[in-house]
Every structure is written in C-alpha cells, then in structure tokens.
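Only one structure is covered here, and it is reproduced in the block below.
Values quoted throughout were computed directly from the atomic coordinates according to the rules given, and no laboratory measurement underlies them. Everything quoted here is computed from the prediction, not taken from an experiment. Virtual Cβ from ideal backbone geometry, glycine too; neighbours counted across all protein chains shown.
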2 protein chains.
Amino acid sequence: MEFTMRPIGIIHSPFTEKKGTPIQPTRSQTIGTVEVYPDYMDGLLNLEGFSHIILLYAFHQSSGYSLRVKPFLDDQERGLFSTRYPYRPNPIGLSIVELVSIEENILNVNHIDMLDNTPLLDIKPYVPDFDVRKNTRVGWYETRSKK
Amino acid sequence: MEFTMRPIGIIHSPFTEKKGTPIQPTRSQTIGTVEVYPDYMDGLLNLEGFSHIILLYAFHQSSGYSLRVKPFLDDQERGLFSTRYPYRPNPIGLSIVELVSIEENILNVNHIDMLDNTPLLDIKPYVPDFDVRKNTRVGWYETRSKK
C-alpha cells in the first residue's frame, strides 16, 4: 500500500542549511512565509481567525533513516519514534507556528523552524481543545529540557 | 514533485464505520492498538517513557476533497484548511493519544478516534515544550466549542 503526497505549497524561510536551523518552533523567533499554491487558496477561508496553525510538510532534505538516532538534545542513542529527528521512514514534519497575517495565498508566520523551500503537505488549525494534553510524561526529554 | 508514503503499521480500533467514530481523541474514551510492523519495532525504544504520542496516519477511507466544507462541529461552510475535516489534498490525519503500554510491537493507546485498519505513517513523542501554545484564538471554533 502506498500513498502519494503532492505539495500544496512551499515554505520560505531564511534557513538554507540544516546547520543553524532551529530544532523546534518554540526555539525560533524567526518569521517566514507559507506560499499556498493558487489552486488551494480557496481552502484558506476562515483561517485568519486562528492564532496558530499546524503545518505538515516533507523533510525534503532528509532521505533515508535509522531506527536508532542521537537526538539533537541528547547524547545517547534513542529509538527513532521517541524523537522528532527528521530522518524517518515517512519524512513528515510537524510544526505549530503563529499565524501573523494572510495576504491572498501567502501566510506570514512566526517561529519558523523549516528549511527554505520546504514542500507543504497540509495546514490544520491549532485547537487547544483537540491538541493540548495535561499531566504528561516526556521520557528521555525530561532531563534534557532543563539544559 | 511527489512523496511516496508507505505504512509503518496499522491502527486497530472498534470503529468500522465513519458514522459513530469520535471526531477527535479528546472526545473519545475508547482503547485501541497500534500495530507497528516488525521491521520498525526497533524504533520504539524509549517510547514507553512518554505518556502521550502523536500519530500521523492516512485517512484511507477519505478520497477526494473540496476546498469548502461544513465541519462536523459547525453548520456553515468553512475553508478546508481552517478545519480538521478528513477529506484533504494530502489526507494525513493527526491524533494525540495516550500511550498506556507497549508489548513488543503493539502499542495500547487510549482516546482513539481512527477507523479500524487505518494505515500508520509516523509516531512522534508528544512534548509540551514543543507542542503546546498559550494565548490562542480559535476562529469559528470559538463558539462551537461551548456547545
């Protein structure tokens, strides 16, 4: 079984190399733009009411994967699925960014952590009722988050 | 440009029809299992430390899409990308579920909202430092969430 994904847009950011690109939106203060291809522009209606959006995109510069990786925030090998490492069997990235404004098919967003020219696969509204969990445990990340 | 995605596992749930399937994990108290294919099992190492995981999966029973849809929680048409509607150009679903336990390649999870036999594309750890935003506005969903 296979699923073929085609970009619905492209993400523009100042980051042209992996080195120096923020590892997560919450560690970025950088503005970028999400260019939605005109064919899909009609689907942006009502999006301006949301302060934050979930971007799903392809890690286009990450081909291949290993099931054990050393995460950016750790010094030990971990199981890939316990990390947000970009090299994955299906290289889908997920970032929650702040939606600053929309001008036609261009979304101006803050806290961007993707490479320039990242292919956009989907946009979903960020809804805390759906997306926030409390009383969480975060495994190996627990101690790393304090560093 | 195209990206070919292949399932890394399959999600088992009691929901065999769209009708009656919870629209979001936070509206489900149902247990399900995520079967990760043995080839990928090694990537599950360290995942047990996380209380919640993000599942990315294919909306395998939703082909085609419209850029204006009437969301399940609303009575007006909205732009597709301002909704979590399953019929999308790239039909990728996103659910945050509670990880109850892991037995070899089987994850027992709570708050499942997928149809039975949903193809799994990726598992990411849910990390509030990365995934929680405060001071949000939620557009059209604002009034609907109180109903």
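Numbers below:
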{"item": "Centre separation in Å (Cα based) which lies between the stretch A:16-50 and the stretch B:3-70", "result": "25"}
{"item": "Shape category assigned to the stretch B:104-147 from the gyration tensor of Cα positions, a/c cut at 1.5", "result": "oblate"}
{"item": "Highest to lowest packing among B:54-64, A:88-98, scored as the average C-beta count within 10 Å", "result": "A:88-98, B:54-64"}
{"item": "Three-way shape label, the protein assembly as shown, alpha-carbon gyration tensor, a/c 1.5", "result": "rounded"}
{"item": "Tensor-based shape of the stretch B:34-83 (alpha-carbon gyration tensor, a/c under 1.5 rounded, otherwise prolate or oblate)", "result": "prolate"}
{"item": "Using a 7 Å Cα-to-Cβ projection, A:TYR37 label spacings across copies, nm, ascending", "result": "2.7"}
{"item": "Averaged over B:62-74, number of beta-carbon atoms from partner chains that fall within 10 Å", "result": "2"}
{"item": "For the stretch B:31-43, Karplus couplings with θ = phi - 60° (6.51, -1.76, 1.60), whole Hz, Gly/Pro x", "result": "8, x, 10, 10, 9, 8, 4, x, 4, 9, 4, 4, x"}
{"item": "Compactness of chain A as Cα Rg over 2.2 N^0.38 Å, two decimals", "result": "1.09"}
{"item": "Integer Hz, Karplus 6.51/-1.76/1.60 couplings in order for the stretch B:13-22, x for Gly and Pro", "result": "9, x, 8, 9, 10, 4, 5, x, 6, x"}
{"item": "Calculated label separations, B:GLN76, copies of the chain, 7 Å along the beta-carbon direction, nm", "result": "5.2"}
{"item": "Other-copy label distances relative to A:ASN108, 7 angstrom Cα-Cβ extension, nm", "result": "5.1"}
